[in-house]
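Have a look at the structure below before the remarks.
Each value in this text was obtained by applying a stated rule to the coordinates, not by laboratory testing. Just so it is clear, the structure is predicted and the values come from calculations on it, not from any experiment. Cβ placement follows ideal geometry from the backbone for every residue including glycine, while neighbour counts extend to all protein chains displayed.
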Amino acid sequence: MTSKHSKKTLALLAQYPNFDDWIINNLSAEQLQAVMEAPFGTASFGDGHPLNSRKLGVQLWRAYWDQVVFELECVWGEDENHAIPPSGCDRHAYFHESVCMAVGNYANEQSELMEGVVARQRREIEVAASPAQSSVSAPGNFDRGKRL
């Protein structure tokens, strides 16, 4: 894919340089498990799942198409060009479903993805559960300088 990336795609790649970065930082353990257990071709994973969005699926395809195609080749072999939708197929539906299949296959093959998601969720819980740190000293504990 030699086309120039859009600003949205460049922003996505700047925030998440690799496909696994996006997966780890955007899916919960339950959401990733749903994708892992879904039959191939599934593009809907229940209420509130980020990968239900065709628009997001296409955006992920544009950003990580090489990694998505690699995962598709792992499943179906390298005999066909998986970067090109089959004739008569809705391109956006193909890209969306391909991303979903790639996430599922990748996560099933690489346990580090689920471990990364769980570790991120634990960090988020720890941060949310920790007492808020005040940047201002408690009242009455500040140092008063001499007045002139």
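Counting only helical runs of four or more DSSP H residues, what would the 222 nm mean residue ellipticity of the chain come to if each run contributes -39,500 (n - 2.57) and the total is spread over all its residues?
Roughly -19000 deg cm²/dmol at 222 nm, from the helical runs in the chain.
Along region 44-58, what does the Karplus equation 6.51 cos²θ - 1.76 cosθ + 1.60 (θ = phi - 60°) give for ³J(HN,Hα), rounded to whole Hz, x for Gly and Pro?
9, 10, x, 4, x, 6, x, 6, 5, 7, 5, 4, 5, x, 5
From the phi angles alone, apply the Karplus equation (6.51, -1.76, 1.60; θ = phi - 60°) to region 79-92 and give each ³J(HN,Hα) in whole Hz, x where the residue is Gly or Pro.
Result, ordered by residue: 5, 10, 8, 7, 7, 10, x, x, 4, x, 9, 5, 4, 5 Hz.
Would you kindly derive the ³J(HN,Hα) couplings of region 94-100 from the backbone phi angles with the Karplus curve 6.51 cos²θ - 1.76 cosθ + 1.60 (θ = phi - 60°), listing them in order in whole Hz, with x for Gly and Pro?
Using θ = phi - 60°, the values come out as 4, 5, 4, 4, 5, 4, 4 Hz.
Which value, to two decimals, describes the C-alpha radius of gyration of the chain once divided by 2.2 N^0.38 Å?
Here the Cα radius of gyration is 1.47 times the empirical estimate.
At VAL127 and ASN52, where each label point lies 7 Å from the Cα along Cα→Cβ, what is the point-to-point distance in nanometres?
Placing both labels 7 Å beyond Cα along the Cβ direction yields 2.6 nm.
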